[in-house]
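Here's the structure we're looking at; comments come further down.
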Amino acid sequence: MSARANILGKLRNSLVGTTPRPDDFDERLVTEPWRYAPEDRLARIRSLMEAVHTEVHQCQSDNWPALVAELLAKRNLTNLLCAPGKEHGRAMQAYFEATEQTVELLAYDQPVETWKEELFWNVDASLTGTLGGIAATGTLVLWPDRDEPRLMSLVPPVHFTLLKASEIHDNLYDMIIAQEWAAWLPTNVLLVSGPSKTADIEQVLAYGAHGPCELIVLILEDA
């Protein structure tokens, strides 16, 4: 038996003979102040993200790879890291194969220990997906896994990420309920509200201190 299975077994056994208590949580505390008309969600999340130096582009769900390539060229970036295990990673690869690009496409398809030096020093930008967005706070929700690890959104100086307009929710509680997180809870959920920043030094806000200097969000609308 693995250590994980052993720990979970002990937790389950500890509940034997107990009586569940009804949940008296009042969901209105986290939902009522943060309700928006469906047509207002996109504008709100965009304005809040742009207020903290996030670059936002709206595009169709079938032409975003061309926009990524354009933005890479505009910044003179030499490579882009993507996850071939994800649908958007494969779409980016297919676009690069079908077009002439000067940017090198890198694949996150090996353990970090085998290429840590290259990842931390030679990768210019990365591309990830999101689980959705939160209109109330202008936040992206990322769900790292073995195909698209946390390092992809943390290490490269420029982070491109995709957000479907249809997956923008009023608040985090609504997202948890709509996507039924209780049935498949993740090991790590990331809430991202802009490029990395800190105000530790003399209370002066500085961007890019401990993560990506640039966050570029592509909001995908149905074609």
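The values are calculated or read from the model by the stated rules, or taken from the named source; none is laboratory data. Here the structure is a predicted model, which means the values were calculated and not measured. When we count neighbours, we look across all protein chains shown, and the Cβ atoms used for this are built from the backbone with ideal geometry, even at glycine. Heads up: the accessible areas ignore ligands, DNA and RNA and are worked out on the full protein's heavy atoms, side chains in. Shrake-Rupley method; radii C 1.70, N 1.55, O 1.52, S 1.80 Å.
The table for this structure:
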{"read-out": "Cross-chain or 6+ apart pairs with Cβ under 6 Å, the range 162-185 first and in contact (Cβ under 8 Å) with a residue 60 or more places away in the chain and open to solvent by 50 Å² or more (accessible area, probe 1.4 Å), then assigned to a helix (DSSP H, G or I) and of a type in the set (Val, Ile, Thr)", "value": "TYR173/VAL30; TYR173/THR31"}
{"read-out": "Condition met for GLU55 (under 27 Å from LEU185 (Cβ atoms), of a type in the set (D, E, K, R) and under 18 Å from the mean Cα position of the chain (by Cα))", "value": "no"}
{"read-out": "Answer residue from the range 87-103, given it is open to solvent by less than 60 Å² (accessible area, probe 1.4 Å) and touching a Pro at 6+ places or on another chain (Cβ under 7 Å) and is nearest to LEU71 (Cα to Cα) among those", "value": "MET92"}
{"read-out": "Residue tally, condition surrounded by 10 or more Cβ atoms within 10 Å (Cβ to Cβ), of a type outside the set (Val, Ile, Thr) and within 27 Å of the chain's Cα centre (by Cα), over the range 1-32", "value": "2"}
{"read-out": "Condition met for LEU29 (under 30 Å from PRO157 (Cβ atoms), in a helix (DSSP H, G or I) and either out of contact with any Pro (no Cβ under 7 Å at 6 or more places or on another chain) or among the hydroxyl-bearing types (Ser, Thr, Tyr) (or both))", "value": "no"}
{"read-out": "Selection from the range 186-208 of residues that are open to solvent by less than 60 Å² (accessible area, probe 1.4 Å), within 27 Å of LEU81 (Cβ to Cβ) and in contact with a strand residue (DSSP E or B) (Cβ under 8 Å, 6 or more places away or on another chain)", "value": "VAL189, LEU190, VAL192, SER193, GLY194, PRO195, SER196, THR198, ALA206, GLY208"}
{"read-out": "Complete set of residues in the range 139-168 that are of a type in the set (Gly, Ala, Ser) and closer than 20 Å to SER61 by Cβ", "value": "ALA165, SER166"}
{"read-out": "Which listed residue, of PRO149, PRO144, is in contact with a Lys or Arg (Cβ under 8 Å, 6 or more places away or on another chain) and outside any helix (DSSP H, G or I)", "value": "PRO144"}
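Residues are listed down the side, and each one gets a yes or a no for (1) in contact (Cβ under 8 Å) with a residue 12 or more places away in the chain; (2) in contact with a Cys (Cβ under 7 Å, 6 or more places away or on another chain):
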{"residue": "GLU55", "(1), (2)": "yes, no"}
{"residue": "GLN58", "(1), (2)": "yes, no"}
{"residue": "TRP64", "(1), (2)": "yes, no"}
{"residue": "CYS82", "(1), (2)": "yes, no"}
{"residue": "TYR95", "(1), (2)": "yes, no"}
{"residue": "GLU104", "(1), (2)": "yes, no"}
{"residue": "ASP109", "(1), (2)": "yes, no"}
{"residue": "GLU113", "(1), (2)": "no, no"}
{"residue": "LEU127", "(1), (2)": "yes, yes"}
